[in-house]
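Structure first, then comments.
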Amino acid sequence: VQLQASGGGLVQTGGSLRLSCAASGRTFSRYASWFRQAPGKEREFVAAMRRDGGTTYYAERVKGRFTIARDNAKNTVYLQMNSLKPEDTAVYYCATGNAITSTYYYPDAYDYWGQGTKVTVSS
């Protein structure tokens, strides 16, 4: 599967962005997720959605502000980001894989990655 991420950009503190991740080749695996990586930091988990049932998971630092959603007809997963903060600045990556429930927040659990889309939140 090939993943194409888009939607990043420059936004002021408190603003919103919606990221998209379009899959081609086949559908998403068990988990479709978003990670992010800020300069000089490790890649960290942001949000995930299970293919079966649509259960969602969020990192504590984005809970209540970010929402992961999917459009099965378009084979696309979205990340709606509201109330953005400067600390949300990072390159955001979408990923998919058949992680087991206890590992969905580990980057190594994913087989396929998009190319990343940069989000910059100005103060």
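Tabulated values for the structure
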quantity: For Arg70, distant residues with modelled amide H under 5 Å away; calculated: Tyr78
quantity: Of all DSSP beta bridges in the chain, antiparallel share, percent nearest 5; calculated: 90 percent
quantity: Per-peptide average of other Cβ atoms within 10 Å, ordering 102-109, 113-120 highest first; calculated: 113-120, 102-109
quantity: Of the GluC sites (Glu not before Pro) in the range 37-95, those whose Cβ has at most 12 other Cβ within 10 Å and which sit in DSSP loop; calculated: Glu42, Glu60
quantity: Carbon/sulfur fraction of accessible area - the range 40-123, other protein chains in place, 1.4 Å, %; calculated: 46 percent
quantity: Cut-off under 5 Å, modelled amide H: who pairs with Lys118 long-range; calculated: Gly8, Tyr92
quantity: Around Tyr106: net Lys/Arg minus Asp/Glu count, Cβ-Cβ under 13 Å; calculated: -3
quantity: Residues in the range 53-86 that a label on Ser16 would reach, taking backbone N under 19 Å of a point 7 Å out along Cα→Cβ; calculated: 62-71, 77-86
quantity: In Hz, Karplus ³J(HN,Hα) per residue of the range 101-106 (6.51, -1.76, 1.60; θ = phi - 60°; x = Gly, Pro); calculated: 3, 7, 10, 4, 9, 9
quantity: Positive minus negative residues near Ser33 (Lys, Arg vs Asp, Glu; Cβ under 14 Å); calculated: +3
quantity: The range 29-123: relative contact order as a whole-number percent, Cα under 8 Å and 6+ apart; calculated: 31 percent
quantity: Total charge dipole magnitude, the chain, about the Cα centre, Cβ charges on Lys, Arg, Asp, Glu only, Debye to nearest 20; calculated: 220 debye
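The values are calculated or read from the model by the stated rules, or taken from the named source; none is laboratory data. Keep in mind that what you see is a predicted model, and the values were worked out from it rather than measured. Backbone-built Cβ (ideal geometry, glycine too); neighbour counts: all protein chains shown. For the accessible areas, the whole protein counts, side chains as well, though only heavy atoms, and no ligand, DNA or RNA atoms are used. Shrake-Rupley method; radii C 1.70, N 1.55, O 1.52, S 1.80 Å.
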